[in-house]
Amino acid sequence: MTSLHKIRKDLAAVSGYGPTEPHSLRFPRCYPGPNNWDGMSDADFGPEHDYTVEVQGRLTVITPASKAALHFLYRHLPEDCPRWGKLGFCVETKYADDVMTRMGREGLLSLEEYDIAMAFEERDRGQGWDI
């Protein structure tokens, strides 16, 4: 399976794109520079969260839930990054914090971070604070 074929398949799984739309997207090889989000809009980010994290001992599986998270992972992880399940990217646990910190700087939100934010919001509403 070619690299482009995998990207198209992943895009279809994340955002329901048809077979013709991903042709305009191009994912460059991994490089350490900043992500410039060319062609991304607010609709490409998840309505609640952008990715989920699952720690499996020495490996951490980062699974994108939005097009923006998928774009980030393709752009910043090596091309031969091991995969787990349908969309999960396997990263050694000792490096996963660095990846997730960089994702947070780019505005991507994990499911755990979203749940924590919602718990604080519920707590504040319970105390009568208007948000």
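Each reported figure results from applying straightforward, stated rules to the coordinates on display, with no laboratory input. Since this is a predicted model, take the numbers as computed values, not measurements. In this analysis, Cβ positions are derived from the backbone assuming ideal geometry, glycine residues included, and neighbour counts consider all displayed protein chains.
List pairs: first in segment 102-117 and over 13 Å from S66 (Cα atoms), second surrounded by fewer than 17 Cβ atoms within 10 Å (Cβ to Cβ), Cβ under 7 Å, 6+ apart or cross-chain? Note: pairs meeting the criteria are Y114/E48. Being within 20 Å of A13 (Cβ to Cβ), in contact with a Lys or Arg (Cβ under 9 Å, 6 or more places away or on another chain) and surrounded by fewer than 12 Cβ atoms within 10 Å (Cβ to Cβ) is a property that holds for E79. Taking each residue of segment 72-92 that is closer than 19 Å to E106 by Cβ and looking for partners that are assigned to a helix (DSSP H, G or I) and β-branched (V, I, T) with beta-carbon atoms closer than 7 Å, six or more apart or interchain, yields Y74/I7; L87/V14; V91/V99. Residues of segment 41-65 that are over 13 Å from the mean Cα position of the chain (by Cα) and either of a type in the set (A, V, I, L, M) or assigned to a helix (DSSP H, G or I) (or both): D42, A43, V55, L59. The set of residues in segment 70-96 that are of a type in the set (D, E) and in a loop (DSSP other than H, G, I, E, B) comprises E79, D80.
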